[in-house]
Structures are given as C-alpha cells and as structure tokens.
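These notes concern the structure reproduced below.
The values are calculated or read from the model by the stated rules, or taken from the named source; none is laboratory data. What you are looking at is a predicted structure, and each value in this text was computed from that prediction instead of being measured. Note: ideal-geometry Cβ built from the backbone for every residue, glycine included; neighbour counts use all protein chains shown. For the accessible areas, the whole protein counts, side chains as well, though only heavy atoms, and no ligand, DNA or RNA atoms are used. Shrake-Rupley method; radii C 1.70, N 1.55, O 1.52, S 1.80 Å.
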Amino acid sequence: MHLSVRYQADQPRNPKYEEDIIYVTKHNKWVLNSIGMWPAVLEGIGKFVPKIVIGLSNFVSFFSVVQCVLYIILEEKDPLLRLRLLGLACYSSTNLMKYWALILRKPNIEYCIEQIQTDWKQVEFPRNRLLMLKYGKIGRDLTIYSAAFMYTALVCYVTIMQYAMGMSLKENNRTIRVLVYPTYSGFFDAQKSPVYEIVYVLQCMCTFVFNSVTVGCCALAALFATHACGQLDVVISQLNDLADGKFAKKNSNPSTRLIEIVEHHIKILKFSAMIESVLQEVCFFEFVGSTFVICLLEYYCITDWQQNNKIGLATYSMLLVSLTFNMFLLCYIGNLLLEKSTNIGISCYMIDWYRLPVKTVQDLMLIIAMSSSPVKISAGRMFLLSLPTFGNILKTSFAYLNFIRNTLM
C-alpha cells in the first residue's frame, strides 16, 4: 500500500505539463544550452557535451580578455583610446566572472529547474494552471526581449561597426586589419594569415558567449522569479477559497486546507531562498559592471555625436539600451516578487475570516507573520533588486559620466 501511495504521488496531475514546461522554458533552454548551463538530458557520450561547451567557452573568453587587458596596459599609449577600450575590457571581465559564478552555482540551477518541472506536473486545478501560465508568459516574454536587444547589439558591434572602422588602416605603411578585441603583439602577430582569421573567429565566439551569459542570467532570473510569483498567486487563490473550499479536495475542512496552504507557502519560501543563492553573485557583478559600462557608453555616445559618427552612435546607443534594459529587467522581477510575497499577508486580512473556526483564524497569524518578511533577491546581499535600486543605478552612472566629462572634455 505504501508503494501504491508513492506511485500516485509521482503521477503527473497536469495532463498538459509537457506542453506547459516547453512553453515556459523553451527560450531559456536555447540560451543556456549555448553556454552549457542547462541540465544535460542526453545519455552516454552526449552527457559530456555541456562540459565541452563550458571548457571551450572559458578558453575563448579567457583568451580574448587577457589579450585585450594586456594591450590596454602595455601597448596603447593614447589615453582617449584607452578609455574607449576600457568599456570593452570591463564588460568582458564582468561577463567572465558572471560565467564563473553560474558554473559554481550550476547544481543549484539544476535543482531549481527540476523543481519548476515538478510544480508543473503537480498542478491540479485548471484555475491554478492559468495563474502559473500568466506569470510563465511574463518570464518568457522578458527572456525574448532581453535576447532580441543583446543579440541585435552583438551583430551590430561585430559586423557593422567593425567594417565601418575600415578593414584597412595605415600604420607605418602597413595594412592593419581590424579585430573585435585588440590583441597583444608580444605573443603573436595577429595580422598574418591564417592567424588573423583564427583569432577573429575566436573573438566572435567570445562575444557570442558573453552576450549569451548576459541573456542567460536575465533569463534565469525571469524564469525563477516569475515561477515563484505564479506559485504565490496560487497560494493567494487558495487563501481566498479557504472559507468556501470550492476549489479544494472533497470533504476537506478549513484546518486541512490551511495546512496545505502553509506547506505550499513554505515550499515557495525554500525555492525563493535557492533563487537568492543562485543569483546573488551574478547580480552583484551585473550591478557593479553595468553601472560603470553604462557610464562609459553614455560618454561614447556623446563623443560620437560631437564627431558626427553616426554608425558608432547607433551601435553604442543600442548597447546602452540593451544593458539598461537588462538592469531594469532584473530590478523589475525582484520588485515583482517582493510585492507578490507581501500580498499574501494582505490576502489573509481580506478573506472572510469571520466564517472560519476560531482555531483556523488563530493559525492564519502564522502566514501573516511569515509575510512580514517578504521574499527578496539581492545582489551579493548588498543591493536589493527593486525599481528604486534601478533609479539609483542610473543616478550613479550619470554621476560617473559628469566626472569623466569634467576630467576629459
């Protein structure tokens, strides 16, 4: 009999769970597979594919970042050109650290994804499924927007802007072919064929990896946070139905329904704590790096405007919009999760509690007490992801911009 009960518990209650999981996670899977962060589903030799992708991504990323930093420090003498390259070096270094943070947290990422799949299997009532789909669509759309902005900016930077700079620049009567990242000549001559072609391909791969890391971080945050919001909405709907029990199991009393609600709420809080552990380092690097890079991009846009460099202005403006949107996305979903977790306590006040048994009313105080400490996502346990924080980031970037303008212009 014990095995029979366990078998029934493992059985999916949602007949459309496979379609729902694909709908919610499809775009996240595409992006995260490209950097080896999605849980492997292949068997045999195929299970080593994510490790190979991670190894190759780290190689091309480290190769390009080291070359760029050495060139800025040891070869480039013009301070204005150094400032131009500083934004690229900062963006690349930040994304490399974010990638390492994702690799470190990969077991937790896999746990969260498995938990999402389990929740979709176990959703029982059509009303709850619609609530989950509502927030699943929000996370899906945010992922699509982030990917569209970042990959469009990637294509513009790697192709249009590079060719607009000129494929042949004269330096001491020598033809210099442009690369995505500057290279340090102390290791090899990147202008010779086939070295140039190899280095160019590796740098394009590196740029794709860094953009995928940026999109992947936002996609993970959107997927996890919106799923938690959907689950919290389910809890709120259960609270609203606590007195009537129309959408509960048959012959269940208010005390039993409240126990199920509390268990569900605790499960969401544990899942939210795991989200915090997955995203805290990534969000910290994103906040610090993006604040500085946004400031530099604003400076590049101003100088290109003054120099009437339309292609450079368009490319840097697109990069600026992309990074700003990603920061807004992280702050928006953090704020959304904060508000939704706070609403559970408000819902306890708003239900028809006077129709409940006295003992059940007293037990509602537990949920109200738990809601007094709402779910939060922080960046390194230092900055809270919220819309006011996004405003502070923009203010800080403008303050840096004024400092650079007063110093150099």
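Assorted remarks:
- The solvent-accessible area of Glu124, taken with every protein chain present and a 1.4 Å probe, is close to 90 Å².
- Relative contact order for the chain, counting Cα pairs under 8 Å that sit 6 or more residues apart, in percent: 21 percent
- Asn240 paired with Thr152, simple spin-label distance in nm, labels 7 Å along Cα-to-beta-carbon: 3.6 nm
- For the chain, the longest principal axis of the alpha carbon atoms and the long axis of helix 17-33 meet at an angle near 20°.
- Packing, taken as the mean count of other beta carbons within 10 Å per residue, orders the peptides 322-332, 183-193 from highest to lowest as 322-332, 183-193.
- P(r) histogram, all alpha-carbon pairs of segment 293-367 included - 5 Å bins from 0, percent: 3, 14, 14, 10, 7, 7, 7, 6, 6, 6, 6, 6, 4, 3, 1
- Available extension along the chain between Thr159 and Glu263 is 32.1 nm, counting 0.36 nm per residue and deducting the alpha carbon span.
- Protection proxy ranking, peptides 226-238, 137-149, average beta carbon neighbours within 10 Å, highest first: 226-238, 137-149
- Each label point was placed 7 Å from the Cα along the Cα-to-Cβ direction; for Thr407 and Leu74 their separation is 2.5 nm.
- The Cα-based radius of gyration of the chain, divided by its Kirkwood radius, gives an Rg/Rh of 1.07.
- Degrees between helix 195-240 axis and first principal axis of the chain (Cα, 0 to 90, nearest 10): 20 degrees
- Farthest towards the positive end of the charge dipole of segment 16-408, among the residues Trp305, Ile73, Ser272, is the Cα of Ser272, using unit charges on the Cβ of Lys, Arg, Asp and Glu.
- Relative contact order of segment 217-322: 23 percent, from C-alpha pairs under 8 Å at least 6 residues apart in sequence.
- Net charge, Ala147 excluded, C-beta distance under 14 Å - Lys, Arg +1, Asp, Glu -1: +2
- Partner lysines for Lys16 [C-alpha distance under 25 Å; skip if fewer than 8 residues away on the same chain]: Lys26, Lys29, Lys121, Lys134, Lys137, Lys246, Lys249, Lys250, Lys267
- Highest-fluctuation residue, Val195, Val375, Val282 considered, GNM on the chain with Cα pairs under 10 Å: Val195
- Furthest towards positive pole of dipole, Leu102, Pro15, Leu387, structure part the chain, Cβ charges: Pro15
- Result for the chain in a Gaussian network model with C-alpha springs under 10 Å: among Leu220, Leu384, Leu356, the largest mean-square fluctuation is at Leu356.
- Proximal charge balance of Asn58 [Cβ under 15 Å; K/R count +1, D/E count -1]: +3
- Distance from segment 274-346 to segment 355-409 (C-alpha centre basis), Å: 16 Å
- Nearest 10 degrees, 0 to 90: helix 310-350 Cα axis against the chain principal axis: 20 degrees
- Environment charge of Asn128, counting only residues whose C-beta is closer than 11 Å and scoring Lys/Arg +1, Asp/Glu -1: 0
- Reachable lysines from Lys192, criterion Cα separation under 18 angstrom, eight or more residues apart if same chain: Lys170
- Whole-Å distance, taken between Cα centres, linking segment 26-40 and segment 48-66: 15 Å
- Portion, in percent, of the accessible area of segment 16-408 that falls on carbon or sulfur, probe 1.4 Å: 64 percent
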